[in-house]
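Everything below concerns the one structure shown next.
The values are calculated or read from the model by the stated rules, or taken from the named source; none is laboratory data. Only a predicted model underlies this, so the values are computations on that prediction, with no experimental measurement involved. Glycine also receives a Cβ, built like all others from the backbone with ideal geometry; neighbour counts cover every protein chain displayed.
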Amino acid sequence: MTDGPTGLDLQPARIDPIRAGLFCRCPNCGRGPLFSGFLKVVDRCAVCGFDFTRLNTGDGAAIFIMQIAGGTVVFGALFVQVAYNPPIWAMLLVALPLVAGLSLGLMRPGKGVMIALQMRSSPNGGGGPPEGWGRGVETGDGAGADAPPPLRGPPPLKGED
């Protein structure tokens, strides 16, 4: 392994990255904080030095959390409406803060889990291409020899040229 920020030879941590993501800790070591703001991911782990700048979860966590919170509240509100028939203002008074609270409360752990899943499923432990990808011998078109062939469209149909 490479030397960490303290100069010690670090071994891979024996932790569950999903649990670390849920607790908003570094999925690599399980000890360092994952966020520096509400949803701002730190550049490097303060404990193990793992580089988070290569990771990009985008809006994946937000979409999952909105569907989970919205679906739970909508189906709960539908059940309460059919079973008890409360006034609509009472439903709004309960449902709107509930969906906002669930969305905001689940957003950090959801993004932490998405980062942990990206680290776990990536061959090089983070986002982006593996080291050295596309840096081989030049082929004349600006792509390295290790780069995949360019994408081409489907073959022409019979009768087309």
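One table, with the values for the structure above:
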{"item": "Cross-chain or 6+ apart pairs with Cβ under 7 Å, the range 91-116 first and touching a residue at least 60 places away in the same chain (Cβ under 8 Å), then surrounded by 15 or more Cβ atoms within 10 Å (Cβ to Cβ) and among the aromatic types (Phe, Trp, Tyr)", "result": "Arg108/Phe35"}
{"item": "For Pro17: the one exception among (1) out of contact with any helix residue (DSSP H, G or I) (no Cβ under 7 Å at 6 or more places or on another chain); (2) touching a residue at least 60 places away in the same chain (Cβ under 8 Å)", "result": "(1)"}
{"item": "Checking Gly126 against (1) over 23 Å from Asp16 (Cα atoms); (2) modelled with pLDDT under 95, the condition it does not meet", "result": "(1)"}
{"item": "Residue check, Arg135 surrounded by 11 or more Cβ atoms within 10 Å (Cβ to Cβ), modelled with pLDDT under 95 and more than 27 Å from Pro27 (Cβ to Cβ)", "result": "yes"}
{"item": "Residue within the range 54-65 that is free of Cβ contacts under 8 Å to residues at least 12 places away in the same chain, surrounded by fewer than 17 Cβ atoms within 10 Å (Cβ to Cβ) and over 20 Å from Leu106 (Cβ atoms) present", "result": "no"}
{"item": "Qualifying positions in the range 1-48 - of a type in the set (Asp, Glu) and at pLDDT 90 or above", "result": "Asp43"}
{"item": "Filter result for Thr57 (out of contact with any strand residue (DSSP E or B) (no Cβ under 8 Å at 6 or more places or on another chain), assigned to a loop (DSSP other than H, G, I, E, B) and polar (S, T, N, Q))", "result": "yes"}
{"item": "Condition broken by Ser121, with the remaining ones in (1) farther than 20 Å from Leu34 by Cα; (2) exposed (fewer than 12 other Cβ atoms within 10 Å of the Cβ) satisfied", "result": "(1)"}
{"item": "Tally, over the range 83-114, of residues that are among the aliphatic types (A, V, I, L, M), touching a helix residue (DSSP H, G or I) at 6+ places or on another chain (Cβ under 6 Å) and within 17 Å of Gly58 (Cα to Cα)", "result": "4"}
